[in-house]
1. Check off (1) within 14 Å of G72 (Cα to Cα); (2) open to solvent by 40 Å² or more (accessible area, probe 1.4 Å); (3) within 16 Å of ligand 3 (Cβ to nearest atom) for P243 and give me the number that stays unchecked.
2. In the set I324, I282, I307, which member is over 21 Å from I20 (Cα atoms), away from ligand 3 (no atom under 16 Å from the Cβ) and among the aliphatic types (A, V, I, L, M)?
3. Output the residues belonging to the range 46-68 that are open to solvent by 30 Å² or more (accessible area, probe 1.4 Å), part of a strand (DSSP E or B) and either touching a helix residue (DSSP H, G or I) at 6+ places or on another chain (Cβ under 6 Å) or hydroxyl-bearing (S, T, Y) (or both).
4. Kindly list the number of the only condition in (1) within 29 Å of the chain's Cα centre (by Cα); (2) in contact (Cβ under 8 Å) with a residue 40 or more places away in the chain; (3) in a helix (DSSP H, G or I) that fails for V185.
5. Take the residues in the range 354-372 that are in contact with a Pro (Cβ under 6 Å, 6 or more places away or on another chain) and assigned to a helix (DSSP H, G or I); name whichever of them is most open to solvent (accessible area, probe 1.4 Å).
6. What are the residue pairs meeting all of these: first residue in the range 17-28, first residue at pLDDT below 95 and open to solvent by 10 Å² or more (accessible area, probe 1.4 Å), second residue more than 16 Å from ligand 3 (Cβ to nearest atom) and basic (K, R), Cβ atoms under 8 Å, and 6 or more apart or on different chains?
7. Name, by its number, the condition in (1) over 19 Å from L329 (Cβ atoms); (2) out of contact with any Cys (no Cβ under 8 Å at 6 or more places or on another chain); (3) open to solvent by 20 Å² or more (accessible area, probe 1.4 Å) that does not hold for G298.
8. Considering only the range 164-176, state which residues are in a helix (DSSP H, G or I) and loosely packed, with under 14 Cβ neighbours inside 10 Å.
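The values are calculated or read from the model by the stated rules, or taken from the named source; none is laboratory data. Just so you know, these numbers come straight off a predicted model, no measurement behind them. Positions of Cβ are generated from backbone atoms using ideal geometry, with glycine treated the same way; all protein chains shown enter the neighbour counts. Note: accessible area is taken over every heavy atom of the protein model, side chains too, but ligands, DNA and RNA are not part of it. Shrake-Rupley method; radii C 1.70, N 1.55, O 1.52, S 1.80 Å.
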Amino acid sequence: MSERLVVIGSQWGDEGKGKITDYFACRADMVVRYQGGNNAGHTVVFGGHKYSLQSIPSGIFNPATVNVMGNGMVVNPVSVIAELEKLHRQGVTDYQLRISDRAAMVMPWHSVLDGAYECRKGEALIGTTKKGIGPAYSDKYSRIGLRMGDLLEPDYFALRLRAALDVKNQELRMLGLDEFSFDDVYASYMEIARQIGHMICDTSDLINEACNTPGKKILFEGAQGMMLCIDHGTYPYVTSSTPSAASVPVGAGIAPKWVENVVGVAKSYCTRVGEGPFPTEIFGDTANEIRERGHEYGTVTGRPRRIGWLDAVVARYTGRLAGIDYWALMLFDVLSGLDTVKICTAYELDGTQVATPPSTISRLSRCKPVYIEMPGWKEDITGARSLADLPKAAVDYIRKIEELTGIPVGIVSVGPDRTQTILLNEKLRNF
Ligand code: GDP
Ligand code: IMO
Ligand code: MG
C-alpha cells in the first residue's frame with residue numbers, strides 16, 4: 001500500500017505550506033498540486049538558499065521526486081516557463097515535472113480581466129493577486145476555457161482559441177480594453193507547446209499508478225488556505241478554488257479513499273493579505289513587531305500582511321471541514337519576546353457567543369474575539385530541535401492549541417530552514 005500525506009493551509013494562506021511540503025518531499029516519490037495556480041507563493045529554504053515557487057510543486061528540489069501539476073489547477077504556461085527559467089538560474093536543473101492535460105489554462109486576457117473587475121469594484125475590491133485566477137476558473141465552469149492538453153493538438157487548439165476569443169474579445173471591447181489577435185496568441189502558444197509540451201500528459205494515470213504501488217509515498221500540496229475557500233471561506237473575499245483536502249480527489253483525478261494523513265499548516269498567529277474580515281486582527285506595536293520579525297510581506301505581491309492572534313474558532317472550523325489530523329504549527333520562533341500571547345476561543349456576535357464563523361461577512365465583521373491570554377517566553381527558540389528544548393510557556397501554548405481544537409500538533413517549525421523543524425508524531429516521522 002502506498003502512503004499519502006496532504007498538506008493544506010488552515011488559515012488565510014501563507015502558513016508555511018512550501019516549507020512543510022519540501023520537508024517531506026525529500027522522502028516523497030511524488031508531490032502533487034491539485035488546486036489554485038500562480039496566485040500561490042510557496043517559500044522553501046535550505047542550504048543557505050531561499051526559493052519561491054508559484055505554480056510548480058515544492059518537491060521540485062528533489063531530483064527523485066515526480067512533481068505533478070494536477071487537473072484541478074489553473075495553469076499559466078507563461079508563468080511556468082518563467083518559474084523554470086528562474087529555477088535554472090538558481091542552479092535547479094535536475095527535476096521531474098508533469099502537467100495535467102486536463103488542467104485549465106490561464107490565458108493572457110484572464111489577468112487583464114482580473115484587474116478590470118477589481119477596478120470596477122472600487123472600495124469593495126477583493127485585493128486579488130491579479131493573476132487571472134478567478135476569470136480562468138470562471139471560464140472553466142462556463143465551459144469556454146482552454147486546457148493544457150489542447151496545446152498538443154494544433155488544429156483543436158485553434159478551434160478552441162477561436163471560440164474563446166469570440167466571447168472574450170466581446171467582453172474586453174465592452175470594458176474598453178484592447179482585444180487579442182488570434183494569430184498572435186496562436187503563434188505564441190505554439191511556441192509554448194514546443195517548450196513544455198513534453199511535460200503535458202494524463203497525470204491522473206500517473207498518480208493512480210503511484211497510489212496502487214506498495215511503498216510509494218505521495219504528497220498532495222495545497223495552495224491558499226481554508227478561510228479563502230470559495231465555499232467555506234469569507235465569501236466574497238476568497239479565492240476561486242477549494243484549498244481543502246476535499247479537493248484532492250477531484251483535483252488530482254483519484255478516488256476519495258486515497259486521502260489520508262491531513263496536515264493542517266497553521267501559523268502560531270494569523271495573517272491575511274488582501275481585503276476581507278479578519279476577526280483577530282491587531283494593529284499597533286505588537287502587530288508591527290510580529291510583521292517585522294516574521295517578514296510578513298506577500299511572496300507574490302510584496303504587500304504587507306495583516307496580523308492577528310491565533311484563532312481557535314477558525315482552527316476548529318477548518319479542522320472539521322478538511323479533516324485535519326495534525327497541526328503543523330509554523331513561525332513559532334516569531335512569538336518569542338512577547339510578554340503575553342493570546343488565543344481567540346470564541347466570537348461574541350450581537351451579545352451571544354458563537355463557536356463557528358457565521359456565513360455572511362456582515363455578521364463576521366461584527367464578531368468580537370473572546371481571548372485567553374497566556375504568558376509569553378523570551379528565549380530564542382530557533383535552535384530548538386525537540387520539545388525538551390522549548391521553554392515551558394511555549395510548550396503550554398502548544399498544549400492549549402491541542403486542547404482548544406482537539407487536534408494534536410504533529411510538527412512545530414522554529415525557523416524558515418528545512419532543519420528548523422520539530423517532529424512530534426511517530427506516523428509523520430516515518431513518512
Ligand atoms: P506558503 O504560501 O504557505 O508556502 O507560505 P509562504 O512561503 O508564502 O510564507 C511563509 C513564510 O514564512 C516564508 O517566508 C517562509 O520562509 C517563512 N517561514 C516558514 N516557516 C517558518 C518558521 O517556522 N519561522 C520563520 N521565522 N519563518 C518561517
Ligand atoms: P499561498 O498558496 C495568501 C488571496 C489574495 C486575495 C484572495 C483572492 O501562497 O498560501 P486570487 O488572486 O486568488 O483571486 O485572490 O486570495 N490569496 C492568497 N493569500 N496566500 C495565497 O496563496 C493566496 N492566494 C490568493 O490575496 O485576498
Ligand atoms: Mg504563500
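1. Condition not satisfied by P243: (2).
2. Just a single option satisfies the conditions, and that option is I282.
3. Within the range 46-68, just S52 meets the criteria.
4. (1)
5. Only one residue tops the list, namely S365.
6. Hits for this filter: C26/R418; R27/K217.
7. In the conditions (1) over 19 Å from L329 (Cβ atoms); (2) out of contact with any Cys (no Cβ under 8 Å at 6 or more places or on another chain); (3) open to solvent by 20 Å² or more (accessible area, probe 1.4 Å), G298 misses (3) alone.
8. D166, V167, Q170, R173, M174 - these are the residues of the range 164-176 that are in a helix (DSSP H, G or I) and loosely packed, with under 14 Cβ neighbours inside 10 Å.
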